[in-house]
Amino acid sequence: MDKSDSFKYKDSIDRSYGVAGMALAAFILDYEKYISSISLDRQGIEAIEFSPEFYMITSEGLSPKASWTHILEQFQIVSSMLISNVMCRSMVRNRTELGRTQRDSMLTTLEGYAGDCQLDKDEVEELFEKHYAYLNKAYHNSRMHVAAKRIVDELKNRHTLYHSDLCELLGEF
């Protein structure tokens, strides 16, 4: 099996859990300000509509360090969303732990995108391990499962949820 096959959605319900996982990652890691909406009508990472603040506005006055810091933050956000997408589908929907193959596939995928941040392989692995451990712990909490199922149920009915909808759904978590 191709490593990218582990990221493909099996059906629309699987897709709902993946999109819910991406939104949950943003909320539990305090990146929710960057989400304008989530939608089942958009493909891939485009299922998340990011706010304008997520995208860097180039400025002559922006220091190289500030620019790099912002790119690194973007990488961490997208990394955590990928991890949470896969974890939500596996641990919440299927009630199974992630296998080594899935974990390795995620890491390999992220290593492919690390060039934009000028990160070495060991730096990517360190960031991955940090986010993986944190999200894995979160997904072992039953409240996370309840939150994921709430988002999935709303996505089934409405297909698109806006930032305010997500805040309302996740407000008590």
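So here's what we get for this one:
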read-out: Label corresponding to Rg/Rh (Cα atoms, Kirkwood Rh) when calculated from the structure given, among (1) 0.96; (2) 1.09; (3) 1.01; value: (1)
read-out: Lysines with Cα under 28 Å of Lys149, excluding same-chain neighbours fewer than 8 positions away; value: Lys3, Lys8, Lys10, Lys33, Lys130, Lys137
read-out: Cα radius of gyration and Dmax for the stretch 73-173 (Å); value: 14.9, 43
read-out: Accessible surface, the chain, averaged per residue in Å² (probe 1.4 Å); value: 55 Å²
read-out: Helix runs (DSSP H) in the chain reaching 30 Å along axis by Cα, Kyte-Doolittle at least -1.0; value: 64-87
read-out: Lys, Arg +1 and Asp, Glu -1 on Cβ, resulting dipole of the chain about Cα centre, debye, nearest 20; value: 740 debye
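The values are calculated or read from the model by the stated rules, or taken from the named source; none is laboratory data. Not measured: the values here are computed from a predicted model. Here Cβ is always computed from backbone atoms with ideal geometry, including for glycine, and neighbour counts include all displayed protein chains. Ligands, DNA and RNA are stripped out before the accessible areas are found, and what is left, the full protein with its side chains, is counted by its heavy atoms. Shrake-Rupley method; radii C 1.70, N 1.55, O 1.52, S 1.80 Å.
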